[in-house]
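The structure under discussion appears below in the form of structure tokens.
The values are calculated or read from the model by the stated rules, or taken from the named source; none is laboratory data. Only a predicted model underlies this, so the values are computations on that prediction, with no experimental measurement involved. Every residue, glycine among them, receives a Cβ derived from its backbone with ideal geometry; neighbour counts consider all protein chains shown.
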């Protein structure tokens, strides 16, 4: 159920062209008669008044091979048979097996329209990685119990300890990942926060401190205490509803955060109480934590400082992640946030991203089952992240045992990230999302970005409601741990 | 505290063509407005030097795939695709992206760092089907992997005792075998034939600079390489000891090829080599189907160091066509396990080679049970060699490489090893391990795809399995 604060507005790309999936080729046989311009309802072809020649086809507007069944298709209509349709080689340069070109395109459409794409030619729910979520499918019953979509709840509580602290309930089971001031541009950071308040969920400051611009969104911010303790102050701990300890990050488990000197501009340095232009390292791990007892000490410290805040513990996914989760339970955390090995980052060694620690799919199952057998599952909120790319990934993660998820990359893709992976180099993100460069960070405004994020969250929520409806369930909470509703492409035969 | 092992990288560009990934073509409908030069932060688009009214052809090597020019060109005049060279090079094991990464590491000696998450397949054959573990709170050192405390990547080669025996009066009775320390668990394997003199010399000098060794056929070792004798491992057939007396007498390590006859002869052969000098003997064993049996027999017969040699893609050799060869990961695990079961694993050193393509393969091979690894092709890719797997193995050295000064060729090889060393530290740091020797056979600190996938999804979704849970 979406909060009243959400309004959906069409918010097109900030660029002139989209990345085309198809290529329309016009051969020399063309006589510039203009038939194609008249017949195509998608404005692929244009012949301006008074011009002799038809303009080159605008590939990205073409809906592809499904058009060939339509009466108006230019390929069939051309009297000279001068037009042909093929897959555009450019499309191969977009995306990768985890985030396919279709998935990126689908996310862009959601951010533009606020709803799942109507196009039938995009496989935007599942990637092509050949494992994990990409091997799981929903097992929808043929005749589910009838549920009115208006009655379906996607809200989840984050405090299950019944300890007198804030009863935080988020309206959709997903919130924004920590991206520090310095690693992303200010419009990115602020729009993430604004969207979190619009959607009655959360966004996270990351470890770089709490910029004043985020103050209006205090009730929807998580502030992070990471190993570098950059920008951690008493007043920032006191102004939020959730404080997160970041032990490790899925993309670089066992390695500290690293802000390259080039990104440490004057304002970033001020926030972090550091010297401008120097590279800033967060050590790994917490040098004051050697045991669960030490960990509890830290949690108690935060609880003392802010008597109503919830405490979240973000860890990576080693072999013993289940033990770590139970340790956090005994230490008094409200949320255990596990970040899988294939998660995003602003900068990490390739060797770490690919090879260190397990993918989130296994960790969710491990932690959920272990917390259950320890009798702690009902008291803890289990949040998964690191490779949750789509609403389907989210629902699958919940079926495997998570209560909700944190997303990062998907949010950035909605702001037209192409996942080129150059966030860290030179002036930073060429598309202005993850850059503090004065010129690049100015490529889009908060209004546009907030609406794109709000639209994306809406599209995901629409998909979640649809999934629940197909299962005949009334609440997302009924989906937790329902592995019986999933099947595996290879195993379930 | 031992002296720190520190390698020095030096930015060393090589002015030879190498593959690149993205190709941008400017269409005829370009109106030379210059929008692309404004939006490209990598300077791939520029105006022509001799005629600034026109746009130059895109310097597509610089393209980082940000799509800005594509999306902002007012005429849609730019087209991008995957470069043909990129699509053709390598194969299923030596992926084109790996080659670009190796080339880059050789240039700056840095750990490849990128933004955004992992972009590849979920899992894959061989070493791609395993992950290394990490620890949330255990750390190798107090001030990070590049801090003051020492993380050792060194390994020892040679035979070791299972236990020590002492006389009644407390005197040590066991005879301790000599071992050789190498500061990095990587040795350079026998280089490809027909390398130009500068590349061959660079390989030897690079090995010397980083303190490791290189295998060279004893028959063709040039006299000018004499001063690197501590870093050269002469290889010869077991029957030709006498012919190579000189080389053997000067070497720290020598290598002989395994053949069936060697099994009975081994004590005699090793004794003959010991008589000439102090070199330890490496036995190069092709990774055939029953290699674990061969290795076990050799170890029982007193072998000091055994080198498992798989093919260039890390596959079992000598099998019949269509016989589903094992991959290096599984070969090492089988051999290691056989030696553990026989109670003699610690007595022999196990080296593995074949298809070691990226830095992560080194710690992974060690986790599977190898003491160290040997590499060859990455060192040549570092200087621009192109490797093709299809239709058959083909190694193409770049034109002009033979004219490049030895110093530059060597530095690029050193840079590559600097990058690999740093990456090994990253992996060890994450695991909280500060001795590379402790990686060996630590399968408990590895996560194997087939095991965890079965434990998680197999139990949930496999028919029959579900009933048992």
Only one of (1) surrounded by fewer than 19 Cβ atoms within 10 Å (Cβ to Cβ); (2) under 22 Å from residue B:214 (Cβ atoms); (3) touching a strand residue (DSSP E or B) at 6+ places or on another chain (Cβ under 9 Å) does not apply to residue B:318, and that is (2)
Identify, by number, the condition in (1) modelled with pLDDT of 95 or more; (2) in contact with a strand residue (DSSP E or B) (Cβ under 7 Å, 6 or more places away or on another chain); (3) farther than 21 Å from residue A:435 by Cα that residue A:217 doesn't meet. (2)
Going through (1) within 12 Å of chain B (Cβ to nearest Cβ); (2) in contact with a helix residue (DSSP H, G or I) (Cβ under 9 Å, 6 or more places away or on another chain); (3) surrounded by 13 or more Cβ atoms within 10 Å (Cβ to Cβ) one by one, residue A:297 fails only at (1)
Where the second residue is outside any loop (DSSP other than H, G, I, E, B) and surrounded by fewer than 19 Cβ atoms within 10 Å (Cβ to Cβ) and the first is without any contact (Cβ under 8 Å) to a residue 60 or more places away in the chain and within 12 Å of another protein chain (Cβ to nearest Cβ) and lies in the stretch A:8-20, which pairs have Cβ atoms under 8 Å and are six or more apart or on separate chains? A:16/B:72; A:17/B:72
Scan the stretch A:300-324 residue by residue and report those that are facing chain B (nearest Cβ under 10 Å), in contact with a strand residue (DSSP E or B) (Cβ under 8 Å, 6 or more places away or on another chain) and in a loop (DSSP other than H, G, I, E, B). A:316, A:317, A:319
Could you check the stretch A:44-74 and list, in sequence order, the residues that are farther than 21 Å from residue A:31 by Cβ and touching a helix residue (DSSP H, G or I) at 6+ places or on another chain (Cβ under 7 Å)? A:68
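Before we move on, is residue A:397 surrounded by 24 or more Cβ atoms within 10 Å (Cβ to Cβ), under 15 Å from the mean Cα position of the chain (by Cα), farther than 23 Å from residue A:302 by Cβ and in contact (Cβ under 8 Å) with a residue 40 or more places away in the chain? Quick ask: steps written out before the conclusion?
Values: surrounded by 24 or more Cβ atoms within 10 Å (Cβ to Cβ): yes; under 15 Å from the mean Cα position of the chain (by Cα): yes; farther than 23 Å from residue A:302 by Cβ: yes; in contact (Cβ under 8 Å) with a residue 40 or more places away in the chain: yes.
Yes.
Being closer than 24 Å to residue B:458 by Cβ, assigned to a loop (DSSP other than H, G, I, E, B) and within 14 Å of chain B (Cβ to nearest Cβ) is true for just one of A:388, A:433. Which residue is that? Before you say what the answer is, go through the steps one by one.
Details: A:433 fails: closer than 24 Å to residue B:458 by Cβ.
So the residue among A:388, A:433 that is closer than 24 Å to residue B:458 by Cβ, assigned to a loop (DSSP other than H, G, I, E, B) and within 14 Å of chain B (Cβ to nearest Cβ) is A:388.
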Out of all the residues in the stretch A:250-285, which are in contact (Cβ under 8 Å) with a residue 40 or more places away in the chain, farther than 12 Å from residue A:424 by Cβ and not in a loop (DSSP other than H, G, I, E, B)? A:267, A:268, A:271, A:272, A:280, A:281
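Please state which one of A:205, A:201, A:188 is over 30 Å from residue A:300 (Cβ atoms), assigned by TED's automatic domain parsing to the domain that holds residue A:438 and crowded, with 23+ Cβ neighbours inside 10 Å. Break it down into steps so the answer makes sense when it comes.
Numbers: A:205 fails: over 30 Å from residue A:300 (Cβ atoms); A:201 fails: over 30 Å from residue A:300 (Cβ atoms).
Every option except A:188 fails the conditions.
Please find, within the stretch B:425-434, the residue that is surrounded by the most Cβ atoms within 10 Å (Cβ to Cβ) out of those that are more than 9 Å from chain A (Cβ to nearest Cβ) and within 11 Å of residue B:366 (Cβ to Cβ). Talk me through it step by step, then tell me what you get.
Looking only at the stretch B:425-434, we keep the residues that are more than 9 Å from chain A (Cβ to nearest Cβ), and these are B:425, B:428, B:433-434.
Right, trim to within 11 Å of residue B:366 (Cβ to Cβ) and you get B:428, B:433.
Values: B:428: 24, B:433: 22.
Out of the qualifying residues, it is B:428.
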Residue identified as part of a loop (DSSP other than H, G, I, E, B) and outside the structural domain of residue A:361 (by TED's automatic domain parsing) among A:66, A:112, A:46: A:46
Considering only the stretch A:188-204, how many residues are under 15 Å from the mean Cα position of the chain (by Cα) and assigned to a loop (DSSP other than H, G, I, E, B)? 3
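Matching residues to (1) more than 17 Å from the chain's Cα centre (by Cα); (2) touching a residue at least 60 places away in the same chain (Cβ under 8 Å); (3) crowded, with 16+ Cβ neighbours inside 10 Å; (4) away from chain A (no Cβ under 14 Å):
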{"residue": "B:365", "(1), (2), (3), (4)": "no, yes, yes, no"}
{"residue": "B:368", "(1), (2), (3), (4)": "no, yes, yes, no"}
{"residue": "B:373", "(1), (2), (3), (4)": "no, yes, yes, yes"}
{"residue": "B:388", "(1), (2), (3), (4)": "yes, yes, no, yes"}
{"residue": "B:396", "(1), (2), (3), (4)": "yes, no, no, yes"}
{"residue": "B:417", "(1), (2), (3), (4)": "no, yes, yes, yes"}
{"residue": "B:421", "(1), (2), (3), (4)": "no, yes, yes, no"}
{"residue": "B:442", "(1), (2), (3), (4)": "yes, yes, yes, no"}
{"residue": "B:449", "(1), (2), (3), (4)": "yes, yes, yes, no"}
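Mind listing just one residue for me: the one in the stretch A:361-382 that is under 23 Å from residue B:132 (Cβ atoms) and away from chain B (no Cβ under 11 Å) and, of those, surrounded by the most Cβ atoms within 10 Å (Cβ to Cβ)? So that I can check it myself, show each step before the final result.
Of the stretch A:361-382, the ones under 23 Å from residue B:132 (Cβ atoms) are A:361-367, A:370.
Remaining after also requiring away from chain B (no Cβ under 11 Å): A:367, A:370.
Details: A:367: 27, A:370: 19.
So, considering only residues that are under 23 Å from residue B:132 (Cβ atoms) and away from chain B (no Cβ under 11 Å), the one surrounded by the most Cβ atoms within 10 Å (Cβ to Cβ) is A:367.
Looking at the stretch B:15-28, is at least one residue in a loop (DSSP other than H, G, I, E, B) and closer than 27 Å to residue A:55 by Cα? I'd like the intermediate steps shown before the answer.
Our first condition is that a residue be in a loop (DSSP other than H, G, I, E, B); within the stretch B:15-28, this holds for B:15-21, B:27-28.
With closer than 27 Å to residue A:55 by Cα added as a condition, the list becomes B:27-28.
Yes, the stretch B:15-28 has at least one match.
Specify which of the listed residues (A:327, A:346, A:341) is within 13 Å of residue B:447 (Cβ to Cβ) and either facing another protein chain (nearest Cβ under 9 Å) or part of a helix (DSSP H, G or I) (or both).
Numbers: A:327 fails: within 13 Å of residue B:447 (Cβ to Cβ); A:346 fails: within 13 Å of residue B:447 (Cβ to Cβ).
Only one candidate passes the filter, namely A:341.
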If a residue must be more than 14 Å from chain A (Cβ to nearest Cβ) and surrounded by fewer than 16 Cβ atoms within 10 Å (Cβ to Cβ), how many such residues does the stretch B:36-55 contain? 8
In the set B:176, B:190, which member is in a loop (DSSP other than H, G, I, E, B), more than 21 Å from residue A:356 (Cα to Cα), within 21 Å of the chain's Cα centre (by Cα) and more than 14 Å from chain A (Cβ to nearest Cβ)? B:190
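I'd like to know if the stretch B:71-84 contains one or more residues that are closer than 30 Å to residue A:178 by Cβ and outside any loop (DSSP other than H, G, I, E, B).
yes
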Would a scan of the stretch A:136-155 turn up a residue that is modelled with pLDDT under 95 and either within 21 Å of the chain's Cα centre (by Cα) or not assigned by TED's automatic domain parsing to the domain that holds residue A:281 (or both)? no
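So if I check each of A:416, A:411, which one is closer than 26 Å to residue B:115 by Cα, part of a helix (DSSP H, G or I) and modelled with pLDDT of 95 or more? Spell out the reasoning first.
Details: A:416 fails: part of a helix (DSSP H, G or I).
Of the residues listed, the single one that is closer than 26 Å to residue B:115 by Cα, part of a helix (DSSP H, G or I) and modelled with pLDDT of 95 or more is A:411.
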It is to be established whether one or more residues within the stretch B:108-123 are in a helix (DSSP H, G or I) and surrounded by fewer than 23 Cβ atoms within 10 Å (Cβ to Cβ). yes
Condition broken by residue A:270, with the remaining ones in (1) more than 30 Å from residue A:169 (Cβ to Cβ); (2) surrounded by 18 or more Cβ atoms within 10 Å (Cβ to Cβ); (3) more than 10 Å from chain B (Cβ to nearest Cβ) satisfied: (2)
